[in-house]
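The next block holds one structure in the form of structure tokens; read it before the comments.
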Amino acid sequence: MLWAVEQLKNMEEFKNIPEGTLRQKMSAIEAAIRGYTNNKFQNTKVRFESKSKENVLFSYNDNIKVGDTVEISQSISNNGLYVVTEIKDQNTYVDSQLSENEYNLVTKIEYPDDIKSGGISMLKWNLDNADKIGIASESLSRHSVTYFSMDKTNTVLYLLMNNTLQTSENDCP
């Protein structure tokens with residue numbers, strides 16, 4: 001994950017937001033950034049192969065630490081992002097259930113500081129402005145609201161922030 005929920009909860013602007021909400025929003029932002037940039041941010045020099053069962057990968061890599069994000073690929077059913085919760089007895093424990101598989105390719109994910117900072121900015125913006133998307137101007141006296149055109153250019157940020165970025169040109173408005 002771009003930022004651990006515990007780190008976010010230490011920031012003043014996120015103190016009163018439930019952990020589940022922060023986790024869901026950061027996960028959505030992370031997926032949007034990875035999809036939009038077409039970059040998985042994998043450090044292919046830090047990877048290992050492993051069997052899996054429950055939340056355990058039966059191997060480890062010295063360069064992966066508790067709190068790191070790893071991506072499982074080339075697996076029958078475990079492909080995705082996971083956060084390392086514990087490393088014990090040469091096993092790696094992750095934050096979600098894994099299917100029992102004989103082969104998983106596990107790769108460390110490393111986000112540059114500008115991506116991490118951008119993720120925080122997107123989260124702040126989403127919390128402050130998500131309900132105002134589409135409004136170009138608004139008056140209170142005699143109540144007048146003007147909406148801007150929702151073409152492809154104007155909707156990319158909206159789609160990113162709401163994790164609804166379309167995967168096909170035919171699906172876009």
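In the structure shown, the pairs LYS15/LYS116; LYS9/LYS45; LYS9/LYS108; LYS40/LYS65; LYS88/LYS124 are assessed against 26 Å; a Cα-Cα span above that value is assigned to LYS9/LYS45; LYS88/LYS124. Distance between the modelled labels on SER121 and THR21, one decimal in nanometres: 2.4 nm (7 Å Cα→Cβ projection). Take the Cα of THR37, go 7 Å toward its beta carbon, and the backbone nitrogen atoms of region 1-20 under 11 Å from that spot belong to 2.
For region 1-33, trypsin sites (Lys or Arg not before Pro) are listed when DSSP marks them as loop and at most 10 other Cβ atoms sit within 10 Å of their Cβ; the list is LYS15.
None of the figures in this text is laboratory data; all of them are computed from the coordinates on show. Just so it is clear, the model here is predicted, and its values are computed rather than measured. Cβ: placed from backbone, ideal geometry, glycine included. Neighbour counts: every protein chain shown.
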